[in-house]
Amino acid sequence: MSNSPLITGFDVRPVIVPLHPPLRTASGVMATAPLVLLDIKTSSGIAGSAYIFTYTPLVLRGVVQVLKDILPVMESWALEPKANIEALRRRFVLIGTPGLLDMALAAIDMALWDAHSRVIGLPLVRVLGGTPSKTLAYASFGMEHPNDAAPLIEAAVQAGFRAIKIKIGYPTLEEDLRAVRAARALIGTDGKLMVDYNQSLSVPESIRRGEALDEEGIEWIEEPTRYDDFAGHAKIAAAVRTPIQLGENLYGPREVLRSIQQASSDLMMLDLMKIGGVSGWLDASAVCAATAIPVSTHFFQEASAHLQSLTPTAHYLEYFGLADAILLDPLQVTEGAVEPGELPGLGIRWNEDAIRRFAA
């Protein structure tokens, strides 16, 4: 008989948090962060928390409803994260889960692990057998006009970041190069510079621009073409010397394995919401470790800091304060690196005043 507390209830709350500045990409602009906040309650009196990002307010209510439809199934279950999520996933074998359903399941997985860790009284990294360790972080920016980008990048450098990512994909290669060179001038020759195309180019254009960027000392080129064009990315990776970075839009460990098998990229970026939460991350990072693929993170920096401490091929953590406005203790950067704290669980604590202010 299990000694674990029982799952007794749930809270699902949508919020829309303003982004300052708006996140501009070659594939669109996000002025706000629509988030779904989840709390899973237990008979111990301890709850587990997590959030997910729906990218557009248009699907915010849809994800909330999916969660509200799924969660009652778990009432009275013993709190056992791995068994819980496997039992839930078995219910959706016939329909499949990529998309909104996977996003909801990832939120549940993260909240289950947070509750489990809080019940034990340890941070997630220690519950999973690891030790908190530092991961290099990079400050992530959008397609800012050079005049707007300069103070943002300068502030990041002054804050200790030694790596910066900018988004490009302007109408011409010349504009891309101007943005890259302006950023390089601000971070210096010793700083690391990454670029992200947000899937905006064709395969031939990706190769043309990638070959030009080979001369700029870029750390990686992210998602130059459609994320699901594995063969196209393999052609780009073979033609361009600069490492190609993929992964943030891959659903689950099997898609990560497929991408690696097809040599679609040199690096892998895992997104907690799309990879399957903590459980999916552990499986996907093991695949990357077995194939010696460096792993970086996409959003969800609080939990990702714990998981990078457990990832054998950990590379970078993307620092972008998506949820900072609704958290009591946002993740801190020290000398260009982050380290999970000793708070039990994922380190997420809600700022209830802010949540009321941004309620959707």
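The values are calculated or read from the model by the stated rules, or taken from the named source; none is laboratory data. Fair warning: this is a prediction, and the values are worked out from it, not measured in the lab. Don't worry about glycine lacking a Cβ; one is built from the backbone with ideal geometry, like all the others, and counts go over all protein chains shown. The protein model used for the area step is the full one, side chains on, heavy atoms only, and it has no ligands, DNA or RNA in it. Shrake-Rupley method; radii C 1.70, N 1.55, O 1.52, S 1.80 Å.
Converting phi to 3J(HN,Hα) with the Karplus coefficients 6.51, -1.76 and 1.60 and the offset θ = phi - 60°, segment 32-49 yields 9, 10, x, 10, 10, 9, 10, 10, 9, 8, 10, 5, 6, x, 9, 10, x, 10 Hz in sequence order, with x at every glycine or proline. Find the percent of Cα-Cα distances in segment 290-360 that exceed 16 Å, and round it to a whole number. Here the tail beyond 16 Å accounts for 52 percent of pairs.
Expressed as a whole percent, the proportion of Cα-Cα pairs in segment 198-305 lying more than 25 Å apart is 17%. Segment residue 128..residue 78, full-extension length gain: 16.1 nm, with 0.36 nm per residue of separation and the alpha-carbon distance subtracted. What a 1.4 Å probe finds exposed on segment 199-285 is 47% carbon and sulfur by accessible area, rounded to a whole percent. Share of pairwise Cα-Cα distances greater than 18 Å in segment 37-93 is 42 percent (whole percent).
With viscosity 0.890 mPa s and temperature 25 °C, the Kirkwood radius over alpha carbon pairs of segment 56-122 converts through Stokes-Einstein to a diffusion coefficient of 192 µm²/s.
Placing R0 at 56 angstrom, the Cβ-Cβ distance between residue 150 and residue 290 gives a FRET efficiency of 0.85 after rounding to 0.05.
The C-alpha atoms of the chain define a longest principal axis, and helix 100-120 lies at about 60 degrees to it.
Per-residue ellipticity at 222 nm, computed for the chain from helices alone with -39500 (n - 2.57) per DSSP H run of at least four residues, works out to -11500 deg cm²/dmol.
Pairs with C-alpha atoms separated by more than 26 Å, drawn from the list 41/82; 165/235; 134/274; 41/274; 134/235; 68/165, are 134/235; 68/165. In order along segment 304-321, the Karplus-derived 3J(HN,Hα) couplings, from 6.51 cos²θ - 1.76 cosθ + 1.60 at θ = phi - 60°, round to 4, 5, 5, 6, 5, 5, 9, 8, x, 10, 4, 10, 10, 10, 6, 9, 8, x Hz, and Gly and Pro are given as x.
Compared with the dominant Cα axis of the chain, that is its longest principal axis, helix 60-70 is turned about 40°. Accessible area per residue for the chain, computed on protein heavy atoms with a 1.4 Å probe, is 40 Å². Taken along its three principal axes, the alpha carbon spread of the chain comes to 63, 41, 39 Å, from the longest extent down to the shortest. Based on Cα contacts under 8 Å between residues 6+ apart, the chain shows a relative contact order of 19 percent. In whole percent, how big is the carbon plus sulfur part of the accessible area of segment 30-99, probe 1.4 Å, protein atoms only? About 60 percent, which is the carbon plus sulfur part of the accessible surface. DSSP bridge analysis restricted to the chain gives an antiparallel fraction near 55%, rounded to the nearest 5.
The three principal axes of the C-alpha atoms in segment 251-318 carry coordinate ranges of 31, 20, 17 Å, sorted with the longest axis first. Please express the Cα-Cα pair-distance distribution P(r) of segment 16-57 as a list of whole percents, one per 5 Å bin, running from 0 to the bin with the greatest distance. Histogram of Cα-Cα distances, whole percents per bin: 6, 20, 20, 17, 11, 9, 8, 5, 3, 1.
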